[in-house]
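Input: a single structure, listed below in structure tokens.
The values are calculated or read from the model by the stated rules, or taken from the named source; none is laboratory data. Fair warning: this is a prediction, and the values are worked out from it, not measured in the lab. Neighbour counts run over all protein chains shown; Cβ positions are idealised from the backbone, glycine included. Surface accessibility is based on the protein's heavy atoms, side chains included, excluding ligands, DNA and RNA. Shrake-Rupley method; radii C 1.70, N 1.55, O 1.52, S 1.80 Å.
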Amino acid sequence: QRIALITPYIEEITRREITYLSARNISVLSHHSDGIASPHQMAAVTSEYWADKIVQHASPDLDGYLLSCNGIRSLNELEALEARLGKPVITSNTALAHYCFSELESTDVSCCIAQKINLPKSLLSIN
């Protein structure tokens, strides 16, 4: 797996994430650290800003994109980004949602809250 990692974090935290991912055979071919230390400042950044950062790291060499941080806004941009890039865009929140849905006894989540909060369609068909 080869990804671009985009974070609001300071470089030191992003480096720790890269080390963690590398230990799990995920190669981070490019990354961006925004250098934000305050959760309040992270939450104030628009989803459009993060979408632009991901697009700046677009590469045919990548298998996907990881936008890391549960406290940032990004959900409104995901489907359009995936369509534009032709590759998955995973966020901390969608990864958590995917894990939670995969733990459900039933894999039919089409009637659950996922639709109501407009999660990407890829999360609505977990097998």
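The table below lists the values:
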| quantity | calculated |
| --- | --- |
| Which listed residue is in contact (Cβ under 8 Å) with a residue 24 or more places away in the chain, of a type in the set (S, T, N, Q) and touching a His at 6+ places or on another chain (Cβ under 9 Å), from SER59, SER68, SER30 | SER30 |
| Residue that is at pLDDT 85 or above, of a type outside the set (D, E, K, R) and either more than 21 Å from ALA44 (Cα to Cα) or open to solvent by less than 30 Å² (accessible area, probe 1.4 Å) (or both), where the choices are LEU78, LEU104 | LEU78 |
| Qualifying residue in segment 38-59 (condition: among the hydroxyl-bearing types (Ser, Thr, Tyr), under 15 Å from the mean Cα position of the chain (by Cα) and at pLDDT below 90) | no |
| Segments classed as strands (runs of 3 or more DSSP E), wholly inside segment 1-73, with at least 2 members that are open to solvent by 40 Å² or more (accessible area, probe 1.4 Å) | 27-33 |
| Looking only at segment 81-96, and only at residues there that are under 21 Å from PRO39 (Cα atoms), assigned to a helix (DSSP H, G or I) and not aliphatic (A, V, I, L, M), the one that is most open to solvent (accessible area, probe 1.4 Å) | ASN93 |
| Matching option when the condition is farther than 24 Å from ARG15 by Cα and not small (Gly, Ala, Ser), among LEU66, LEU96, LEU75, LEU62 | LEU75 |
